[in-house]
Amino acid sequence: MKHIDMKKRKAGSWLVILTLTLLCSASADKKNYYCEYCGQKFASVSSLTSGRCQRHPDGAFKGRHKLYEGTEKEKYTCKYCGMQSNSISSLTSGRCQKHPNGYFKGRHTPAL
Ligand SMILES: [Zn+2]
Ligand SMILES: [Zn+2]
């Protein structure tokens with residue numbers, strides 16, 4: 001009896017691994033990467049970080065895009081003031097009155 005149980009368990013764990021692998025590859029295909037500063041969409045992190053960002057905090061094109069590490073959402077919330085917008089690009093188009101650098105000294109920044 002014990003021997004049969006072991007066999008069953010082994011088959012079960014392989015099925016879990018297979019399912020996880022399939023899920024991972026499926027979600028990897030669909031995943032988009034967004035810049036936290038400008039909201040531009042990229043197909044890979046390497047293409048995101050190879051370009052310069054128009055909305056970089058140091059000035060337009062003064063630095064590279066920064067990966068937004070949160071998940072894709074229907075609404076994005078500024079982590080400083082709580083303003084909401086339906087895309088990162090529209091959220092970061094405005095300046096934030098509660099920005100840590102000072103009143104309107106920087107753009108809204110999406111919370112993760
Ligand atoms: Zn950018
Ligand atoms: Zn804000």
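Just so you know, all these numbers are worked out from the coordinates, no wet-lab data involved. What you see is a predicted model; the values in this text were computed from it and never measured. For neighbour counting, all protein chains shown are included, and Cβ atoms are generated from backbone atoms with ideal geometry for every residue, glycine included.
A Cβ-based charge dipole, computed about the Cα centre of segment 31-112 with Lys and Arg at +1 and Asp and Glu at -1, lands at about 200 debye. Between residue 83 and 78, the built amide H atoms are under 5 Å apart, and every one of these is 5 or more places off in sequence or on another chain.
For each pair in 75/98; 30/105; 31/79, compute the distance between the two Cα atoms and list the pairs where it is over 26 Å.
Details: 75/98 19 Å; 30/105 35 Å; 31/79 23 Å.
Distance filter (> 26 Å) returns 30/105.
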